[in-house]
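Before any comments, here is the structure.
A short reminder: the numbers here are calculations on the coordinates, not readings from a lab. Keep in mind the model is a prediction, meaning the values are calculated, not measured. FYI the Cβ positions are ideal-geometry reconstructions off the backbone, even for glycines, and counts take in every protein chain you see.
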Amino acid sequence: MPNEPSAGTARPGDGAPVVRVEGVVRRYGRTLALDGVSLTIGAGEMFALLGPNGAGKTTLISILCTLLAPDGGTATICGHDVTRSPRKARETLGVVFQEPSLDGKLTVEENLDFHGRMYRMPRAQRRARIAEMLELVELSDMRGRIVRSLSPGMKRRLEIARALIHDSRVLILDEPTVGLDPQSRDRIWAYLAEARIRRGMTIIVTTHYIEEVEGCDRICIIDRGKVLALDTPDALRAAHGREVLRVHATDAAAAARLRAVLPQAIEGAAGEIRVVGAERSLMMRLLDAHGADIRDLSVERPTLNSVFLSLTGRDLRDGQKPAPRRAA
Ligand SMILES: Nc1ncnc2c1ncn2[C@@H]1O[C@H](COP(=O)(O)OP(=O)(O)OP(=O)(O)O)[C@@H](O)[C@H]1O
């Protein structure tokens, strides 16, 4: 049973639910992208949807954003059913999609103003909100710049500003930091934290960067269309985190010998041999008996990555798209 926090203790997400998802199913042809997903997200929560490529994150986000209809189940945002009252649901939402959706030919300010007009905001309110949001994402000096001349990080910041122009209560971001350098990624998270404080917003972020979700109130681990676990980072680590022994063999024959003495091992990426929940004594025994077969050995303390590994048998990073091949 996917684990909502236990009763009796005040936990993030205990506030009045702003998002309710109940038994949502979505298929693409024969692919079951969402397989009965249920969750609630409380007012003011910073909520992460974490899973590898193809887990179903974008599909769930698209349903919440009213872009996609579920095949079964219900989803409501601020009490508005996304299928029956999509317009009302949308008015409560700010969205930053994975694919950039700015108009590159317009200026920074024009992009924001256009968005405010779409939401029928009066001129004075648009101006005030544009100034406030440009200040939030540190783009005030860029207001007259043509958008296509901005860096990728600046464009992402502008998209966040745009999602906050109207009176959105819930901000949904699909992989907001993908493709950005570490410094830009940190800044994006700082803006989100600030937006949450200033506007008391609920923020839902999808990501497959596990190190980024540490600061979230709750994390929903999703894989193959199912919620595997949902709780605070600490509670997830306490419930599912186990030490992981990672071994790289010197060559294929050595790997075969190691696998023979580690029947519980899982095959990892790049020939890694992994044992989830390994005792430290196993490491010593391996080194004693098979030291010559081992090129590299490490023990990972319980982390969110090991939580994911023990829930799914896979590393989050195994599920990533392969790096583009270089031309010979
Ligand atoms: N338009 C589509 N047509 C067919 N299959 C699709 C379509 N969109 C998604 N899928 C499939 O549905 C499943 C869930 O995909 P989804 O994009 O929701 O995952 P994700 O967790 O967002 O992954 P990513 O991090 O790569 O965006 C995958 O198996 C994917 O191949």
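Evaluate the relative contact order of region 60-136 (contact order divided by residue number), counting alpha-carbon pairs under 8 angstrom at least 6 apart; express in whole percent. After rounding, I find 18 percent.
Say R0 is 22 Å: what FRET efficiency, to the nearest 0.05, do Thr107 and Arg127 get from their beta-carbon distance?
Numbers: r = 14 Å, r/R0 = 0.65.
Using R0 = 22 Å, I get an efficiency of 0.95.
Mean sequence separation of contacting Cα pairs (under 8 Å, at least six apart), scaled by the length of the chain, corresponds to a relative contact order of 20 percent. Using only the Cα atoms of region 185-311, build the gyration tensor, take square roots of its eigenvalues as a ≥ b ≥ c, and label the shape rounded, prolate or oblate: rounded if a/c is under 1.5, else prolate if a/b is larger than b/c, else oblate. Judged from the Cα gyration tensor, region 185-311 comes out prolate (a/c at least 1.5, a/b above b/c).
Counted residue by residue at 0.36 nm each, then reduced by the alpha carbon distance between them, the extension gain from Asp181 to Glu279 reaches 31.6 nm.
What the Cβ-Cβ distance of Ala190 and Phe114 gives, at R0 = 35 Å and to the nearest 0.05, is a FRET efficiency of 0.85. With the helix formula -39500 (n - 2.57) applied to DSSP H stretches of n ≥ 4, the chain reaches a computed 222 nm mean residue ellipticity of -10000 deg cm²/dmol. Comparing Leu64, Leu311, Leu297 in a Gaussian network model of the chain where C-alpha atoms under 10 Å apart are linked, the largest mean-square fluctuation is found at Leu297.
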